[in-house]
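Below is one structure, written out as structure tokens, with a few remarks after it.
Laboratory data are not the source of any read-out in this text; all were calculated from the coordinates shown. Please read these numbers as outputs of a predicted model, since none were measured by experiment. Glycine gets a Cβ as well: all are built from the backbone with ideal geometry, and neighbour counts include every protein chain shown.
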Amino acid sequence: MKKNILIIGLGLIGGSLAKALMRHDNALIVGYDTDALTVRKAYKMGIIHRAALSLEEAASEADFIILATPVGAAKKLLQQSRFWNLKDDVIISDTGSTKMEIMDAAEQMDHVFIGGHPMAGSHKSGVEAAKDVLFENAYYILTPGLLAEDSHIDELKSLLSVTKAKVEVLTAKEHDHMTSIVSHFPHLIAASLVHQLDREQAYPFTRQLAAGGFRDITRIASSDPIMWRDITTQNNGMITAQLNLWIEEMSKLKDLLEINEEEPIRQYFEKAKSVRDQLPIAGHGAMYSVFDLYIDIPDVPGVISELTGYLAEEKISIVNLRILETREDVFGILVMSFQTAEDREKAKACIAERTVYDVYIS
């Protein structure tokens with residue numbers, strides 16, 4: 001018997017999830033979006049089997065309903081769902097990046113709700129960017145609601161198994177605390193660094209120097225301001241707690257600098273290096289990131305087209321590329337970005353085999 005899966009919201013995440021769930025032989029993927037053009041695109045692209053003409057009617061036929069919308073919109077949909085004629089055994093989930101707020105809203109429901117957060121993304125957005133491999137090796141967090149039993153969690157895990165994501169079960173509080181540390185708060189730090197650069201008036205050339213490492217470490221400040229406004233307000237308590245801890249840490253560092261003794265300062269950087277070096281390299285974390293490959297290249301005409309040509313021959317797709325101008329006169333550093341670790345490894349092997357350039361992962 002076919003399982004009827006309704007996905008509400010057909011952007012990058014909803015579209016990619018629909019495309020991945022197509023791997024089930026016994027699944028009927030129905031899509032709904034407030035933008036009718038998006039739904040038509042999804043159908044023509046083969047991302048969904050059927051377009052939902054009526055949200056209420058499609059919901060009444062669904063065995064699974066996935067709200068692939070921002071948290072605010074998902075909360076409104078949960079309120080609406082109390083008036084839908086849903087199946088008794090329907091399982092409802094979402095894809096929001098904060099969980100406590102949506103789980104509080106779900107407590108008013110008479111149906112099983114299991115919060116979800118697929119920790120994957122892309123430099124592109126919209127249904128056109130949907131990929132069935134988006135969630136492979138990424139963490140997919142589930143936060144079960146009050147009515148969710150082990151059998152319901154197992155059902156949802158089974159449904160999501162074809163995404164090839166690493167599914168983990170946490171409480172909403174655990175999820176929001178962890179993501180505040182490694183995802184939400186770092187966005188505030190990146191934004192504050194950019195604001196500090198913007199305040200620099202004495203030496204305008206500073207912005208030109210920011211083209212290298214500074215641009216890399218503040219990349220996430222270019223994320224959607226509306227999305228991050230919502231995340232920050234929804235997880236405000238956890239993020240504020242992290243900010244207080246950061247202020248304490250900066251106060252300790254300030255004391256170190258004012259005392260200005262070499263060994264304590266070296267130890268501070270040594271510990272940071274040790275902890276950072278022990279962080280996992282493979283796979284996706286809480287923050288979307290591309291997989292960067294560094295190549296030392298000479299400043300000669302045609303070198304970039306040479307390298308991209310080799311990758312094209314082996315059908316290895318590049319997400320982005322840029323040059324870090326940090327070694328004048330001799331070498332520049334070409335940074336190639338890839339969607340997956342596998343693509344990066346293939347590219348590394350390809351370039352190492354075909355050229356004499358140094359290729360490495362930082």
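Taken about its Cα centre, the chain carries a charge dipole of roughly 820 debye when the Cβ of each Lys and Arg holds +1 and the Cβ of each Asp and Glu holds -1. Using a simple spin-label model with pseudo-atoms 7 Å out from Cα toward Cβ, Ile189 and Arg23 lie 3.4 nm apart.
Our note on the geometry: Cα centres of segment 238-277 and segment 105-164, 36 Å apart. For segment 1-49, the gyration tensor built on C-alpha atoms gives a prolate shape. Its axis ratio a/c (a ≥ b ≥ c) is at least 1.5, and a/b is the larger of a/b and b/c. Taking max minus min of the alpha-carbon positions on each principal axis, segment 1-94 gives extents of 32, 31, 20 Å, largest first.
Between Ala211 and Ala349, residue separation times 0.36 nm minus the direct Cα-Cα distance comes to 46.9 nm. With contacts taken as Cα pairs under 8 Å at a separation of at least 6 residues, the chain carries a relative contact order of 13 percent.
Between the beta carbons of Met250 and Arg219, assuming R0 = 22 Å, the FRET efficiency works out to 0.50 to the nearest 0.05. Segment Ser158..Ala341, full-extension length gain: 63.4 nm, with 0.36 nm per residue of separation and the alpha-carbon distance subtracted. Annotation: extensible slack from Asp198 through His49 equals 48.8 nm (criterion: 0.36 nm per residue apart, minus Cα-Cα distance). Across segment 48-90, the convex hull enclosing all Cα atoms gives 81 Å³ per residue. Assuming 1.567 mPa s and 4 °C, estimate D for the chain with Stokes-Einstein, Rh taken as the Kirkwood radius over Cα pairs, in µm²/s. Estimated diffusion coefficient is 57 µm²/s. Of the DSSP H helices in the chain, those with a Cα length along their own long axis of 27 Å or more and a mean Kyte-Doolittle hydropathy reaching 0.0 comprise 236-259.
Our helix-only sum for the chain, with -39,500 (n - 2.57) per DSSP H run of n ≥ 4 divided by its residues, gives a mean residue ellipticity at 222 nm of -13500 deg cm²/dmol. Spin-label model, Gln267 to Met227: label points 7 Å out along the Cα-to-beta-carbon direction sit 4.2 nm apart. Phi angles across segment 128-144 convert, under the Karplus curve 6.51 cos²θ - 1.76 cosθ + 1.60 with θ = phi - 60°, into 3J(HN,Hα) values of 5, 8, 4, 9, 6, 9, 4, 9, 4, 6, 8, 6, 10, 8, 10, 10, x Hz, Gly and Pro given as x. When a/c is below 1.5 the answer is rounded, else prolate if a/b is larger than b/c, else oblate, so apply that to segment 191-258 with a ≥ b ≥ c taken from the square roots of the Cα gyration tensor eigenvalues. Because a/c hits 1.5 or more and a/b fails to exceed b/c, segment 191-258 counts as oblate.
For segment 160-301, the Kirkwood radius over C-alpha pairs fed into Stokes-Einstein at 20 °C and 1.002 mPa s yields D = 116 µm² per second.
Distances between placed amide hydrogens fall under 5 Å for Gly115 paired with Thr143, Gly145, all partners being 5 or more residues away or on another chain. Once backbone amide H atoms are built at 1.01 Å from N, Lys99 has Asp176 as its partners under 5 Å, excluding neighbours fewer than 5 places away on the same chain.
Each 10 Å bin, from zero up to the one with the longest distance, holds this percent of the alpha carbon pairs of segment 126-191: 18, 36, 37, 9, 0.
At what distance in angstrom do the alpha carbon centres of segment 187-205 and segment 63-82 lie from each other? For segment 187-205 versus segment 63-82, the Cα centre distance is 38 Å.
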